[in-house]
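A.B. asks: Below you will find the structure I want to go over with you.
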């Protein structure tokens with residue numbers, strides 16, 4: 001028995017719809033990572049304010065008791081800045097990987113664009129830019 005003439009376009013349309021849906025999900029994940037990057041940048045700004053607060057305590061400190069509080073604030077701020085740096089590297093790496101996957105998927109499913117060949121973002125050069133998976137005060141060297 002031969003398939004009906006309209007069966008082939010429906011069969012071909014389903015993978016294209018799935019590819020388009022998957023590409024959309026990858027792009028949404030990439031946009032979520034960009035928002036997370038902005039949140040981390042805002043957190044870094046807050047940390048800078050903590051540094052300035054600690055410096056203010058040190059400047060106004062008549063005794064060692066207040067200096068201990070300033071040292072504690074500075075230690076927490078340094079740890080958080082280390083986390084922000086590592087997290088930013090990982091977010092950028094993951095965003096690049098997602099973009100590459102979305103571009104490859106679009107190219108394979110839909111072919112070249114109207115102007116010729118579609119632009120495909122390059123994959124990350126390294127498999128993982130960050131090997132650290134936890135943060136403790138003094139456990140990471142800053143930069």
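A.B. asks: Residue 125 is checked against (1) in a helix (DSSP H, G or I); (2) surrounded by fewer than 12 Cβ atoms within 10 Å (Cβ to Cβ) and fails just one. What number does that condition carry?
C.D. replies: (1)
A.B. asks: Could you check segment 91-113 and list, in sequence order, the residues that are surrounded by fewer than 16 Cβ atoms within 10 Å (Cβ to Cβ) and closer than 20 Å to residue 38 by Cβ?
C.D. replies: 92
Rule-based calculations on the coordinates, nothing more; no lab input. Please read these numbers as outputs of a predicted model, since none were measured by experiment. Glycine also receives a Cβ, built like all others from the backbone with ideal geometry; neighbour counts cover every protein chain displayed.
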